[in-house]
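The values are calculated or read from the model by the stated rules, or taken from the named source; none is laboratory data. Computed from a predicted model, the values in this text were never measured in an experiment. All Cβ positions, glycine included, derive from the backbone under ideal geometry; neighbour counts span all protein chains shown.
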């Protein structure tokens, strides 16, 4: 039977679903949220904030002012009804753990709709997860850093509330940049965590377990941890005193990877990276050494894009190349970069699972394998 199966490691040539949420053309560097180019969604005169983007991803249309207000009211109710004492106790219990471990545990305490939920119930679940996960993360980090809990301010917008809860006061410009990053991470077609979320949803598990599965998949360094590695590589280069040329030689000779370059799907520029680069320049002055790291990153990018090694392999900067520098400039610890990714991806995971649950053609995900073990054999008589 194995000879009849298609062997596709990583499922790079297998479509497991039909989806109307996100379109991606890696050859041309195109990313569309419900048909709208990411360049318009995240930039330009009519750009959307993260709440609007989340509703676009989940419903298929740009929300009206009334629809946005209704959703914000759902988030406000979720915050007001949350058991914050339980969050703080969990934060204290897990204070020595990685922030992704805490986020995974905390997400399991949020009420989520079952797989047979209505559109309205899925929207309510999205509101709860969007409202609470960034605030729970903020409480955890302030606990970890021996700081008093920040305010869960329901009188400011989404990203302002997240920023205040994490840092204790509001910096409007940095909150706006944070919002942009969340928009850029809202969804990204059938990546590892989205496929994991759909796989779990296919078993009729509810949103709580879908989100937990997405967080688990994102925790891996090949998916959500790349921007951490970019910053670490740049800091290592800076501390060593070696210029970009040394790293380039090591990369070309196969000794090291250039973190933040290349993408599993994009064989052209990642359109998110183009948008995010200008944001990196806005925040560079907000941290000691940030401008130096940004200049180093830009120099590295310039050298790489002139090298045949990178050009021939279509290795271009991806969204992770600059996002870590932005998070660092805002003031986030390097351990927070992946949880921030997860907060931004909540709309994608929940929308993907809702679509999976409503698709009558779908069934439980159950791939085949090609067996490479022993053929049938008998146990030895004496053992």
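Which of the residues belonging to region 236-279 are part of a helix (DSSP H, G or I) and surrounded by fewer than 16 Cβ atoms within 10 Å (Cβ to Cβ)?
Matches in region 236-279: 236, 238, 239, 240, 245, 246, 249, 250, 252, 278.
For (1) modelled with pLDDT under 90; (2) touching a helix residue (DSSP H, G or I) at 6+ places or on another chain (Cβ under 9 Å); (3) buried (at least 20 other Cβ atoms within 10 Å of the Cβ); (4) closer than 19 Å to residue 176 by Cα, each residue gets a yes or a no:
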| site | (1), (2), (3), (4) |
| --- | --- |
| 300 | yes, yes, yes, no |
| 307 | yes, yes, no, no |
| 314 | yes, no, no, no |
| 317 | yes, yes, yes, no |
| 324 | yes, yes, yes, yes |
| 334 | no, yes, no, no |
| 341 | no, yes, yes, yes |
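Name the residue, out of 32, 74, that is modelled with pLDDT of 95 or more and closer than 20 Å to residue 318 by Cβ.
32
Tell me which residues, restricted to region 86-107, are under 19 Å from residue 148 (Cα atoms) and not in a helix (DSSP H, G or I).
94, 95, 96, 97
All but one of (1) over 20 Å from the mean Cα position of the chain (by Cα); (2) part of a loop (DSSP other than H, G, I, E, B) hold for residue 20; state the number of the condition that does not hold.
(1)
Evaluate the following for residue 70: is it part of a helix (DSSP H, G or I), within 23 Å of residue 338 (Cβ to Cβ) and out of contact with any strand residue (DSSP E or B) (no Cβ under 9 Å at 6 or more places or on another chain)?
no
Restricting attention to region 78-89, report how many residues are in contact (Cβ under 8 Å) with a residue 24 or more places away in the chain and surrounded by 12 or more Cβ atoms within 10 Å (Cβ to Cβ).
6
Suppose we keep only residues that are touching a helix residue (DSSP H, G or I) at 6+ places or on another chain (Cβ under 9 Å) and not in a helix (DSSP H, G or I) within region 35-59. Which one would you say is surrounded by the most Cβ atoms within 10 Å (Cβ to Cβ)? First the steps, then the outcome.
To start, the set of residues in region 35-59 that are touching a helix residue (DSSP H, G or I) at 6+ places or on another chain (Cβ under 9 Å) comprises 36-39, 41-43, 46-59.
Retained after the next criterion (residues that are not in a helix (DSSP H, G or I)): 36-37, 42-43, 46-49.
Values: 36: 18, 37: 15, 42: 27, 43: 17, 46: 9, 47: 15, 48: 22, 49: 17.
In this case the residue turns out to be 42.
Scan the helices (runs of 4 or more DSSP H) fully inside region 292-383 and keep the ones with 2 or more residues being in contact (Cβ under 8 Å) with a residue 60 or more places away in the chain.
Passing ranges, in order: 319-330, 337-358.
Listed residues 213, 205, 138, 197; which is at pLDDT below 95 and within 21 Å of residue 125 (Cα to Cα)?
205
Are any of the residues in region 179-190 touching a residue at least 24 places away in the same chain (Cβ under 8 Å), in contact with a helix residue (DSSP H, G or I) (Cβ under 7 Å, 6 or more places away or on another chain), part of a helix (DSSP H, G or I) and surrounded by fewer than 19 Cβ atoms within 10 Å (Cβ to Cβ)?
No: zero hits.
Might you check whether a residue that is part of a helix (DSSP H, G or I), crowded, with 19+ Cβ neighbours inside 10 Å and in contact (Cβ under 8 Å) with a residue 12 or more places away in the chain occurs anywhere in region 109-119?
The answer is no; no qualifying residue exists.
Any residue in region 46-68 that's at positive phi: show its pairings with residues that are in a loop (DSSP other than H, G, I, E, B) and at pLDDT 95 or above at Cβ separation under 9 Å, as long as the two are six or more apart or on different chains.
These pairs meet every condition: 60/20; 60/21; 60/34; 60/35.
List the number of the failed condition for residue 121; all other conditions in (1) modelled with pLDDT under 95; (2) over 16 Å from the mean Cα position of the chain (by Cα); (3) closer than 25 Å to residue 272 by Cβ hold.
Residue 121 satisfies every listed condition except (3).
Among the residues of region 1-17, how many are touching a residue at least 60 places away in the same chain (Cβ under 8 Å), more than 23 Å from the chain's Cα centre (by Cα) and either buried (at least 18 other Cβ atoms within 10 Å of the Cβ) or closer than 20 Å to residue 192 by Cα (or both)?
Here the count works out to 1.
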